[in-house]
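Visitor: Take this structure, written in structure tokens, and hold onto it; I'll ask about it next.
The values are calculated or read from the model by the stated rules, or taken from the named source; none is laboratory data. The shown structure was predicted, so the numbers you read here are calculated from the model rather than taken from an experiment. As a convention, Cβ positions derive from the backbone with ideal geometry for all residues, glycine included, and neighbour counts pool all protein chains shown. Protein only, heavy atoms only, side chains kept; ligands, DNA and RNA dropped before computing areas. Shrake-Rupley method; radii C 1.70, N 1.55, O 1.52, S 1.80 Å.
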Amino acid sequence: MTLDQKMPRAFIFDCDGTILQSMGMWLRIQPALLKTYGVDTVADDFAEFESLSVMGECEGYHRKWGVGKDAQEVYDRLLGMLARGYSEEVSVREGVADFLKSAYDAGIPMAIATSTPAESVQIGLDALGIGRYFDVIVTTADAGASKDHPDVYNLALEKLGEIHGMKDVDHTDVWVFEDMPFGLISSTSAGYRRVGIFDPEGRAPRSDVQANCDIFIDSFTELTLDRILSYED
């Protein structure tokens with residue numbers, strides 16, 4: 001790092017499609033879940049629930065298709081399916097482990113901000129050997145708002161601040177890593193810097209991700225800490 005480069009105060013990562021190659025698993029599990037209730041669907045039927053918490057999604061499934069006695073029953077069934085999926089089916093996106101290690105070695109606090117239940121995410125992170133890099137996992141359920149709003153990123157930064165004794169952190173000194181335009185748009189509304197990564201398994205067009213970030217990548221093999229440190233508006 002040169003004298004004119006400023007170390008970021010924190011990194012906040014989305015999980016699915018950003019650091020974990022898990023969207024294929026999600027796109028399979030969602031129709032499989034509805035199939036257990038005798039309802040035939042396809043992956044695109046779930047696009048409207050993308051930004052919601054998983055409980056919010058399950059409420060949507062119960063409301064739209066009438067499955068389960070209530071959303072909690074649907075959620076509990078889905079959680080069981082996710083535990084197996086995150087432990088056996090997902091992988092780390094290429095280049096992620098090396099990038100996380102470089103940030104960890106540089107002393108940058110890191111958090112996960114996700115719509116997925118924290119226990120499911122933790123299973124995946126630990127199974128793939130990268131859980132140790134993150135101080136905290138916060139969810140949209142914890143924040144009380146979907147990723148159409150910046151609340152989950154703000155909560156992640158608040159938790160990191162409590163852990164590391166950071167106060168009054170300027171959001172322009174914090175980077176959010178996301179694969180979905182709604183997360184990139186809401187995080188920039190709160191003043192965060194953004195790395196947008198295209199997920200070829202996801203629903204977001206590459207052009208939409210590219211149009212809503214400060215640094216765009218197709219893979220973490222393209223990203224180094226020096227590239228972030230050297231970023232200028």
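Visitor: Which helices (runs of 4 or more DSSP H) sit wholly inside the stretch 62-155 and have at least 1 residues that are over 25 Å from residue 181 (Cβ atoms), in contact with a Pro (Cβ under 8 Å, 6 or more places away or on another chain) and open to solvent by 20 Å² or more (accessible area, probe 1.4 Å)?
Guide: Result: 71-88.
Visitor: Of all residues in the stretch 31-54, which are in contact (Cβ under 8 Å) with a residue 24 or more places away in the chain, part of a helix (DSSP H, G or I) and crowded, with 19+ Cβ neighbours inside 10 Å?
Guide: Within the stretch 31-54, 33, 34, 54 qualify.
Visitor: Might you check whether a residue that is touching a residue at least 40 places away in the same chain (Cβ under 8 Å), within 30 Å of residue 171 (Cβ to Cβ) and within 17 Å of the chain's Cα centre (by Cα) occurs anywhere in the stretch 98-108?
Guide: Yes, the stretch 98-108 has at least one match.
Visitor: Which is surrounded by 15 or more Cβ atoms within 10 Å (Cβ to Cβ), in contact with a helix residue (DSSP H, G or I) (Cβ under 9 Å, 6 or more places away or on another chain) and either modelled with pLDDT of 95 or more or among the aromatic types (Phe, Trp, Tyr) (or both), of 199, 173?
Guide: One residue alone meets the criteria, 199.
Visitor: Still on this structure, I have one more. Residue 68 passes all but one of (1) touching a residue at least 24 places away in the same chain (Cβ under 8 Å); (2) within 18 Å of the chain's Cα centre (by Cα); (3) more than 25 Å from residue 194 (Cβ to Cβ); which number fails?
Guide: (2)
Visitor: Please go through the stretch 3-58 and give me each residue that is touching a Phe, Trp or Tyr at 6+ places or on another chain (Cβ under 9 Å) and among the hydroxyl-bearing types (Ser, Thr, Tyr), ordered by number.
Guide: Matches in the stretch 3-58: 18, 22, 37, 41, 51.
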